[in-house]
Structures are given as C-alpha cells and as structure tokens.
Amino acid sequence: AVDETEQVWAATDAGVALLAGGQWTVYNRANSGLISDNVTSIAVGGSVWCGTDMGLSVLCKGQWDTHKWVALQSSNSSLPRDRIVALTLDASDNLWVGTEQGFAQTRDGSEWWTNPVYTDAIYDIVVGADNTPWFNLGDRVGHLTDCSWATYDASMLGVKGSSIAAMALDERGRLWVG
C-alpha cells in the first residue's frame with residue numbers, strides 16, 4: 001500500500017515494513033505496538049491499518065507528526081473474529097474488515113457495524129465506484145448495497161471451477177473473478 005506521502009507499506013510474516021526515503025524500516029511486536037508479527041493484510045488512509053492473525057493494529061497519526069499504535073481485537077471491539085484476512089478502505093475512508101467469520105466496517109475503530117447475515121470466511125474485499133463492497137466468499141461473491149445483501153456462486157459468474165481465487169474491479173466498475 002502507498003500512503004499520501006508516497007511511502008510504501010508492506011504486510012509480511014515478520015511485521016509491517018515501511019519504505020521511506022529509500023530505507024526500509026520493519027515494525028514488529030518487539031519495537032512497536034503491533035499486536036502480532038504475522039501481518040496478513042494492510043490498508044493505508046488517514047491511519048495505517050494492519051490486519052494480523054491476532055487482531056487489528058492501527059498506527060494512528062496524531063498532532064505534530066506523533067504516532068500511536070492501537071490494538072483492536074474481538075474482546076475490545078466489534079470485530080467478528082481476531083484473525084483478519086482482508087482489509088480495504090472505501091471512498092469515504094471507512095475500513096472494511098474481512099475475518100475468518102464475517103466482516104465489519106468502521107471509520108476510526110471506535111464504532112463498528114457488522115452484518116449478522118453472513119458469518120463465514122471473507123477472503124478479499126473490493127469497493128466499487130459506487131462505494132459498495134464486494135466480498136470473495138471462497139465459492140461465491142457477496143455484494144452489499146444500502147438495501148440488500150446478494151450472493152452469486154461461481155457458475156453464475158461464469159467461473160468454470162467451484163472456487164474463487166481472486167477478484168478485481170476495472171476502471172469501468174466491472175467485477176472480474178477467477
């Protein structure tokens with residue numbers, strides 16, 4: 001992920017790596033507030049959101065360029081589960097979080113919205129130009145709008161196999177799955 005200052009953030013199994021000024025810095029449990037070194041996903045907006053196998057670590061940017069790490073888990077937030085699989089930000093800077101048992105959405109980590117209708121694994125999330133999220137459910141794709149939740153199985157999407165490995169939206173807003 002690339003932040004607003006063109007710094008590169010990368011999720012690794014040894015922490016989160018930052019490329020700034022031509023130098024790499026790795027943040028891990030030993031030198032930061034990262035909740036786990038196994039960073040499974042990352043989203044960068046107003047904050048740096050790091051999904052891990054033990055919850056969500058957030059690097060919040062404060063006044064005068066100060067930074068503070070915050071740890072969010074199912075015990076202190078409305079995350080459905082601690083194992084984070086997917087993260088993405090929508091056009092309103094809302095964070096969508098996919099876990100091994102459902103998904104949640106938050107603006108800043110203090111208030112959460114969860115969907116009790118779907119409680120299985122979420123493997124990826126992409127947000128369309130209309131600011132609605134699409135979810136890779138493994139064998140189906142889910143789409144959430146203001147009014148409804150719909151799922152489409154692989155055969156409905158023209159996929160020959162029974163599982164979906166990847167999905168993406170193109171510049172025209174068309175969903176591609178494979």
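The values are calculated or read from the model by the stated rules, or taken from the named source; none is laboratory data. On a predicted model such as this, the values are computed, not experimentally measured, just so you know. Quick reminder, even Gly has a Cβ in these numbers, built from the backbone with ideal geometry, and neighbours come from all protein chains shown. SASA here: full protein model, heavy atoms, side chains in, ligands and nucleic acids out. Shrake-Rupley method; radii C 1.70, N 1.55, O 1.52, S 1.80 Å.
Overview of results
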{"item": "GNM top mover of 156, 167, 54 - the chain, alpha-carbon springs below 10 Å", "result": "156"}
{"item": "Mean Cβ neighbour count within 10 Å, used as a protection proxy, ranking 55-61, 22-28 highest first", "result": "55-61, 22-28"}
{"item": "Cα-based convex hull volume of the range 66-178 per residue, rounded to whole Å³", "result": "118"}
{"item": "Extension gain (nm, one decimal) between residue 160 and residue 68, 0.36 nm per residue minus Cα-Cα", "result": "28.5 nm"}
{"item": "Cα convex hull of the range 1-143, projected area averaged across orientations, nm²", "result": "8.8"}
{"item": "Options 47, 26, 14, ranked by Cα towards positive dipole end of the chain, top entry (Cβ charges)", "result": "14"}
{"item": "Prolate/oblate/rounded call for the range 13-78, Cα gyration tensor, a/c under 1.5 rounded", "result": "oblate"}
{"item": "Per residue value of the accessible surface for the range 59-164 (all protein chains in place, 1.4 Å probe), Å²", "result": "54"}
{"item": "The range 110-178 - percent of accessible surface contributed by carbon and sulfur, probe 1.4 Å", "result": "51"}
{"item": "Cα centre as origin, Lys/Arg/Asp/Glu Cβ charges: the range 34-92 dipole, Debye", "result": "80"}
{"item": "Selection from 126, 145, 112 lying farthest towards where the dipole of the range 60-158 points positive, charges on Cβ", "result": "112"}
{"item": "Surface share of carbon and sulfur [accessible, 1.4 angstrom probe, percent] for the range 18-81", "result": "47"}
{"item": "Cβ-placed point charges (K, R +1; D, E -1), dipole of the chain about Cα centre in debye, nearest 20", "result": "220"}
{"item": "P(r) weight above 16 Å for the range 74-138, C-alpha pairs, percent", "result": "39"}
